[in-house]
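Visitor: Following this message is one structure expressed as structure tokens.
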Amino acid sequence: MPESHVDLVRTAFENAARVRDPSGEQFDVLDAESRAVVFGIVDEEVEFKEDPRFPEGGVYRGVDATQRYFENFTESFDEFLLENLELVPVDDERVLTLFRLRMRGKGSGARAEALPGWVWTVRGGRVVTIEAFLDRAEARAAAGLD
């Protein structure tokens, strides 16, 4: 896989994280400016495929629909951090991201962690598809790595 695809995703996440965390290690998904950095590499016609086990699971087409999905989904949280990003080259177009999500529910204060994986398809220097999986093993399998 061209290293530029991995670098594109890595740089977007690091720059998004640095908006709130100078170390670049925690991406604050609740921060609109941070999200805008990542959406800066996304094609206008992107397809975001959320894991069907989520109540909001399904396919979101276009950058506007995908942004609205993230805004609506994250409004239930006081904390929503992405950490420990690992990028795995898959092939000439795809990158697998493995990370930890730390969340805290708004109002309830309930904390949760998840270890999801996402498969990104990059064409022409833009992300055209993101497939989200709650389970890393499922993400690896979808990427053809296991």
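Visitor: As a test of the formula, what do you get for the chain when each DSSP H run with n ≥ 4 contributes -39,500 (n - 2.57) and the sum is divided by the residue count, at 222 nm and rounded to the nearest 500 deg cm²/dmol?
Guide: -9000 deg cm²/dmol
Visitor: Working from Cα positions, state the angle (0 to 90°, nearest 10) between the long axis of helix 3-18 and the longest principal axis of the chain.
Guide: Roughly 20 degrees between the two axes.
Visitor: Here is a further query. Semi-axes of the equivalent ellipsoid for region 3-142, please: Cα gyration tensor eigenvalues, times 5, square-rooted, ordered largest first, whole Å.
Guide: On the way: eigenvalues 93, 57, 48 Å².
In descending order the semi-axes read 22, 17, 15 Å.
Visitor: Let me ask something else about it. Would you mind counting up the charge near Gly62? Only other residues with Cβ under 10 Å from its Cβ, with Lys and Arg at +1 and Asp and Glu at -1.
Guide: -3
Visitor: Let me ask you something else. How do Lys49, Lys106 rank when sorted from fewest to most other Cβ atoms within 10 Å of their own Cβ?
Guide: Ascending Cβ contact count within 10 Å gives the list Lys106, Lys49.
Visitor: Shifting gears a bit: Using unit Cβ charges (K, R positive; D, E negative) and no other charged atoms, how large, in debye to the nearest 20, is the dipole of the chain about its Cα centre?
Guide: Dipole of the chain, to the nearest 20 debye: 260 debye.
Visitor: Report, in degrees rounded to the nearest 10, the 0 to 90 angle that the Cα long axis of helix 63-74 makes with the longest principal axis of the chain.
Guide: The answer is roughly 40 degrees.
Bear in mind these aren't lab numbers, they're just calculated from the coordinates by the rules spelled out. Everything quoted here is computed from the prediction, not taken from an experiment. Quick reminder, even Gly has a Cβ in these numbers, built from the backbone with ideal geometry, and neighbours come from all protein chains shown.
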